Amino acid sequence: MKQSEYLELGYINTLRVDRHTPHGVFLMAHDGRDVLLPQSYVTEAMVEDSLIDVFLYTDSEDRLIATTLTPTAMLDEYAIFEVVDTAPFGAFMKWGLAKDLFVPNMFQKTPFKVGEKRFLKVIYDDRTHRLVGTEKLGEFFQRRVRDLKVNDEVKILVISETPLGFKCIVNGKYEGLIYHTEIFESINLCDEKSAYVKTIRKDGNIDLVLRKPGSKKSGGSAEKVLELLQENKGIMPYNYKSDAELIKDVFGLSKKDFKRALTTLVDDEKIDVKDSGIYLRD
């Protein structure tokens, strides 16, 4: 464990215990600046000159303060937050800290309501010198895609659902979309997945697919059906006539890929398909 060079707002800092006071412990960075860790977080192990990890944010009076608690998300990170209170000037989100995360009205896409959950990024507000949340993420995306091409594998973070599909952050810096028609598996907000570039648009947005382009669909689909059959004692109540939405929910496949997988497994003499369902052969 190495002492942090200086105090960094919004991040975990490794600081040296400098002195104890009735209000708590003062922790010091290598450059000599210190910050208070309130008494409620102080333990017997925090002896003078020991190093401890703390998160730095500002208290209700905008003073830099330390805590041993870890927030839902730190500076420049994304997460889903729950609205715990609203005011004429903004909303307050449950953050895992003594002080809630504030989201000014100007950083909300639509008015927040208590109990709602919103996908936000924690940012530094230059006007108030505070950590705040924002729902308006567009300005953080790069619009010129320089290092990707069609069919490249990328890392995505799912950030919202729209009528067209799921919006994603691609490789931490671009905006992408997976169309509903391209999805045959469960997807939730904040999921981190691998995906592939289908199209790079002129506006910098990227169309994505979850299945590797050119992969043998029937092989992968057949393996998925076979695995689920084995997990269900060799019998499942589905066949060629099963509802497409049901197939998507159960197998994570399109109806076309499901039928192709059944045919592959039948041809390989691994299953029998009857009106009553799919049966694994001995």
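The values are calculated or read from the model by the stated rules, or taken from the named source; none is laboratory data. Being a predicted model, the structure only gives us computed values, none of them experimental. Cβ placement follows ideal geometry from the backbone for every residue including glycine, while neighbour counts extend to all protein chains displayed.
Considering only the stretch 122-136, I want to know if a residue exists there that is among the hydrophobic types (A, V, I, L, M, F, W, C) and touching a Leu at 6+ places or on another chain (Cβ under 6 Å). Yes: one or more hits. Does Leu97 satisfy being of a type in the set (A, V, I, L, M, F, W, C), part of a loop (DSSP other than H, G, I, E, B) and in the same structural domain as Tyr196 (by TED's automatic domain parsing)? Criteria not met by Leu97.
In the stretch 255-277, the residues that are under 12 Å from Gly220 (Cα atoms) and not assigned by TED's automatic domain parsing to the domain that holds Tyr240 never reach a residue that is in a strand (DSSP E or B) and at pLDDT below 90 with C-beta atoms less than 8 angstrom apart, at least six apart or across chains. Please indicate, with yes or no, whether at least one residue in the stretch 234-249 is over 21 Å from Gly165 (Cβ atoms), among the small types (Gly, Ala, Ser) and outside any helix (DSSP H, G or I). Yes, the stretch 234-249 contains a residue that is over 21 Å from Gly165 (Cβ atoms), among the small types (Gly, Ala, Ser) and outside any helix (DSSP H, G or I).
Phe89 meets the conditions (1) without any contact (Cβ under 8 Å) to a residue 60 or more places away in the chain; (2) under 26 Å from Lys173 (Cα atoms); (3) of a type in the set (A, V, I, L, M, F, W, C) in every case but one. The failed one is (2).
Condition check: surrounded by 14 or more Cβ atoms within 10 Å (Cβ to Cβ), outside the structural domain of Gly24 (by TED's automatic domain parsing), touching a strand residue (DSSP E or B) at 6+ places or on another chain (Cβ under 9 Å) and not aromatic (Phe, Trp, Tyr). Does Asp85 satisfy that?
Working: surrounded by 14 or more Cβ atoms within 10 Å (Cβ to Cβ): no; outside the structural domain of Gly24 (by TED's automatic domain parsing): yes; touching a strand residue (DSSP E or B) at 6+ places or on another chain (Cβ under 9 Å): yes; not aromatic (Phe, Trp, Tyr): yes.
Criteria not met by Asp85.
In the set (1) of a type outside the set (Asp, Glu); (2) farther than 25 Å from Lys121 by Cβ; (3) loosely packed, with under 13 Cβ neighbours inside 10 Å, the condition left unmet by Tyr6 is number (2).
If you go through the stretch 202-223 and pick out every residue that is modelled with pLDDT under 85 and either exposed (fewer than 12 other Cβ atoms within 10 Å of the Cβ) or part of a loop (DSSP other than H, G, I, E, B) (or both), you end up with 6. If we keep just the residues of the stretch 224-248 that are free of Cβ contacts under 8 Å to residues at least 12 places away in the same chain and either surrounded by 12 or more Cβ atoms within 10 Å (Cβ to Cβ) or of a type in the set (A, V, I, L, M, F, W, C) (or both), which is farthest from Glu185 (Cα to Cα)? Within the stretch 224-248, the match that is farthest from Glu185 (Cα to Cα) is Asn232. How many residues are of a type in the set (A, V, I, L, M, F, W, C) and assigned to a loop (DSSP other than H, G, I, E, B) if we restrict to the stretch 4-35? Of the residues in that region, 3 qualify.
Hey, can you tell me all the residues within the stretch 1-18 that are among the charged types (D, E, K, R), within 13 Å of Ser50 (Cα to Cα) and modelled with pLDDT of 95 or more?
Selection gives Arg16, Asp18.
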